[in-house]
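Novice: Submitted below is the structure of interest, expressed as structure tokens.
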Amino acid sequence: MADTNKKATLSIGNESYDLPILSPTEGPDVVDVRKLYGQADVFTYDPGFTSTASCDSAITYIDGEEGILLHRGYPIDQLAEKSHFLEVCYLLLYGELPTAAQLEDFESRVTNHTMVHEQMHRFFTGFRRDAHPMAIMTGVVGAMSAFYHDSTDIHDPWHREVASIRLIAKMPTIAAMAYKYSIGQPFVYPRNDLDFAGNFLRMCFSVPAEDYQVNPILSRAMDRIFTLHADHEQNASTSTVRLASSSGANPFACIAAGIACLWGPAHGGANQAALESLKEIGTPDRIPEMLARAKDKDDPFRLMGFGHRVYKNFDPRAKVMKQSADEVLDLLGVENNPILAVAKEVEKQALADDYFVDRKLFPNVDFYSGIILEAMGFPTSMFTPIFAVSRTVGWVSQWKEMIEDPAMKIGRPRQLYTGPSQRDYVDVENR
Ligand code: CMC
């Protein structure tokens with residue numbers, strides 16, 4: 001972040017204030033208002049952070065107008081095609097692509113942390129069988145703080161490193177256990193000879209009574225879903241993790257806060273909601289009726305999997321996801337999948353409709369991911385937990401970046417107070 005020598009001038013009454021303008025490596029300049037309150041006794045007002053940078057970060061860059069997503073400078077489509085999830089994890093965490101030796105070491109460290117403390121198994125049995133896996137994950141990940149005391153000192157670089165690896169490694173195990181618990185099957189322990197995605201598929205779909213062979217094409221598709229969701233700069237759950245961590249709270253508690261935020265249907269819950277919407281539409285003839293509902297301001301219905309706060313163009317992740325959907329359904333021999341056909345037709349009709357065109361509403365990453373996950377055998381309730389497994393590395397990388405910044409401060413937004421002015425207490429008999 002460089003000071004540009006350019007200034008913005010803010011006039012209030014007869015006074016004017018010069019505000020420095022900072023220049024990022026990519027994207028629009030940023031007006032630095034940090035000293036504004038001290039100088040001018042005013043705050044800025046920006047609910048939803050639509051014009052406000054909450055931090056500086058060197059991890060991920062999005063150009064929403066152009067539909068570009070870069071991790072440490074590398075475009076997501078190149079990473080999805082040529083790299084794989086654990087390599088992208090390394091890139092996000094440490095800033096550069098690993099050498100072969102660094103990658104081998106990193107993969108081995110993650111693999112050796114995939115088991116969870118045996119006593120954690122008992123946590124699961126405390127939940128109702130019909131609990132949503134995200135509810136279970138919020139609780140169990142928060143509880144990791146109670147099991148891994150030796151990696152909760154955020155001021156110790158080694159603790160931070162071990163906590164990061166543990167979170168990335170154990171999240172698939174926890175998500176798979178939440179799934180197994182919900183269907184009444186025994187937990188499946190991780191296996192160190194499988195790769196990250198293959199291991200997750202096996203923990204979800206194998207049973208002790210039968211051998212399970214990981215299909216390499218499905219495992220590649222799973223890995224790509226993890227890669228596409230790995231990080232997305234300062235989205236709601238990442239900002240939640242940063243805000244929670246800014247108080248000095250331990251990483252496991254903070255990632256649990258991120259999981260809670262991700263669950264919402266406007267964020268990670270959209271993949272479940274998108275598939276449910278497509279199923280509700282059911283057949284192409286019902287698309288115009290559903291689009292009319294999505295456009296009707298008196299109807300709360302929204303076309304899930306469409307629209308994005310930052311992308312005002314095709315979400316680059318959705319392009320890869322759409323291609324993956326075709327590949328996976330082909331592989332599984334699901335020709336002419338009616339939901340994929342409905343999805344493609346919804347996309348076509350929406351992109352030809354002035355309402356969606358004027359508002360720049362395009363399919364986002366969640367529009368096609370549910371179709372792939374369902375074809376793989378996952379119930380809709382597992383879609384958001386899978387998003388959480390992928391996004392853990394983004395949360396952890398952003399958390400580490402923030403904690404390692406010597407200028408870190410506790411996050412404490414200001415407000416535009418609209419309540420009553422000071423008044424005197426009235427005794428109950430006089431009200
Ligand atoms: N269907 C119908 N109308 C929509 C939709 C939609 N999916 N999304 C936005 N709009 C309209 C909205 O009603 C508003 O119209 P108007 O200007 O007439 O009032 C306009 O488009 C702008 O919408 P907004 O809600 O002000 O935009 P936002 O940036 O606050 O919201 C969003 C972004 C993602 C929450 C929203 O587009 C949405 O709810 N989409 C559906 C949920 C979804 O797919 N979320 C997943 C996002 S990608 C995964 C992730 O990163 O978490």
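Novice: For helix 251-262, what angle does its Cα long axis make with the longest principal axis of the chain, in degrees from 0 to 90 and rounded to 10?
Specialist: 90 degrees
Novice: Among Lys319/Lys360; Lys322/Lys348; Lys180/Lys319, which pairs are too far apart, with a Cα-Cα distance over 25 Å?
Specialist: Beyond 25 Å: Lys180/Lys319.
Novice: Still on this structure, I have one more. So what J values fall out for the stretch 422-431 if you push phi through Karplus, 6.51 cos²θ - 1.76 cosθ + 1.60 with θ = phi - 60°, rounded to Hz, Gly and Pro as x?
Specialist: 4, 8, 8, 4, 10, 4, 4, 6, 9, 8
Novice: Checking a compactness column here: for the chain, what do you get for Rg(Cα) / (2.2 N^0.38 Å), N being the number of residues?
Specialist: 1.06
Novice: Non-local amide H neighbours of Ala8 (under 5 Å, H modeled in plane, Pro and chain starts lacking H): which ones?
Specialist: Result for Ala8 returns Leu19, Ile21.
Novice: Please list the three semi-axes, largest first and in whole Å, of the ellipsoid equivalent to the stretch 185-258, using sqrt of 5 times the eigenvalues of its alpha carbon gyration tensor.
Specialist: Details: eigenvalues 205, 53, 15 Å².
Its equivalent ellipsoid spans semi-axes of 32, 16, 9 Å.
Novice: Quick one: if you stick a label point 7 Å off each Cα along the C-beta vector at Ile183 and Glu15, how many nm between them?
Specialist: Result: 6.4 nm between the two label points.
Novice: Through the Karplus equation 6.51 cos²θ - 1.76 cosθ + 1.60, θ set to phi - 60°, convert the phi angles of the stretch 15-23 into ³J(HN,Hα) values in whole Hz; use x for Gly and Pro.
Specialist: 9, 10, 10, 8, 10, x, 10, 9, 10
Novice: I'd like the FRET efficiency for Arg34 and Ala292, computed as 1/(1 + (r/R0)^6) with the beta carbon distance as r and R0 of 51 Å, rounded to 0.05.
Specialist: Efficiency at R0 = 51 Å is approximately 0.65.
Novice: In square nanometres, what is one fourth of the surface area of the convex hull spanned by the alpha carbons of the stretch 226-322?
Specialist: 7.8 nm²
Novice: Using the beta-carbon distance between Lys360 and Asn430 and R0 = 45 Å, what value does 1/(1 + (r/R0)^6) give for FRET efficiency, to the nearest 0.05?
Specialist: According to the calculation, E is roughly 0.20.
Novice: Oh, and also: Ile68's amide H: which non-local residues (gap 5+, or another chain) put their own amide H closer than 5 Å, with H modeled 1.01 Å from N in plane and none for Pro or chain starts?
Specialist: Asp63
Novice: Please determine, in degrees from 0 to 90 and to the nearest 10, the orientation of helix 366-376 with respect to the longest principal axis defined by the Cα atoms of the chain, where the helix direction is its Cα long axis.
Specialist: 20 degrees
Novice: How would you rank 160-173, 196-209, 60-73, highest first, on the average number of other Cβ atoms within 10 Å across their residues? Write out the running numbers ahead of the final one.
Specialist: Details: 160-173: 23.1, 196-209: 19.6, 60-73: 17.9.
Those peptides, ordered most packed to least, come out 160-173, 196-209, 60-73.
Novice: Moving to a separate point now. Apply 1/(1 + (r/R0)^6) to the Cβ-Cβ distance of Tyr74 and Ser108, taking R0 = 22 Å, and write down the FRET efficiency to the nearest 0.05.
Specialist: It comes to 0.40.
Novice: Provide the gained length on full extension for the span Tyr212 to Glu81, in nm with one decimal, where the gain is 0.36 nm per separating residue minus the Cα-Cα distance. Spell out each step's value before the answer.
Specialist: Working: separation 131, 0.36 × 131 = 47.16 nm, distance 2.66 nm.
Gain on extension, Tyr212 to Glu81, equals 44.5 nm.
Novice: Whole-Hz ³J(HN,Hα) for each residue in the stretch 64-75, computed from phi via Karplus 6.51 cos²θ - 1.76 cosθ + 1.60 with θ = phi - 60°, x for glycine and proline: what do you get?
Specialist: x, 6, 8, x, 10, 10, 10, 10, 6, x, 8, x
Novice: Any idea of the accessible area per residue across the chain, 1.4 Å probe, to the nearest Å²?
Specialist: Spelled out: the 1.4 Å probe surface of the chain, per residue, equals 50 Å².
Novice: Follow-up. Please list 243-249, 352-358, 258-264 highest first by mean number of surrounding beta-carbon atoms within 10 Å per residue.
Specialist: 258-264, 243-249, 352-358
Novice: On to the next question. So how do 382-393, 217-228 stack up, highest first, on mean other-Cβ count within 10 Å?
Specialist: 382-393, 217-228
Novice: Could you look at the chain and say what percent of its accessible area is carbon and sulfur, using a 1.4 Å probe and all protein chains?
Specialist: Within the chain, the accessible surface is 51 percent carbon and sulfur.
Novice: Same structure, new question: For Arg423 and His149, compute 0.36 nm times the residue count separating them, minus their Cα-Cα distance, and round to one decimal in nm.
Specialist: The Arg423-His149 span can extend by a further 93.9 nm.
Novice: How far, in nm, would the chain grow between Phe301 and Asp285 when pulled straight, counting 0.36 nm per residue and subtracting the alpha carbon separation?
Specialist: In short, 3.9 nm is gained.
Novice: Can you tell me the orientation of helix 216-228 relative to the chain, as the angle in degrees between its alpha-carbon axis and the longest Cα principal axis, to the nearest 10?
Specialist: Helix 216-228 and the main axis of the chain meet at about 10 degrees.
The values are calculated or read from the model by the stated rules, or taken from the named source; none is laboratory data. Fair warning: this is a prediction, and the values are worked out from it, not measured in the lab. Because the Cβ atoms are built from the backbone with ideal geometry, glycine has one as well, and the counts that use them run over all protein chains shown. SASA here: full protein model, heavy atoms, side chains in, ligands and nucleic acids out. Shrake-Rupley method; radii C 1.70, N 1.55, O 1.52, S 1.80 Å.
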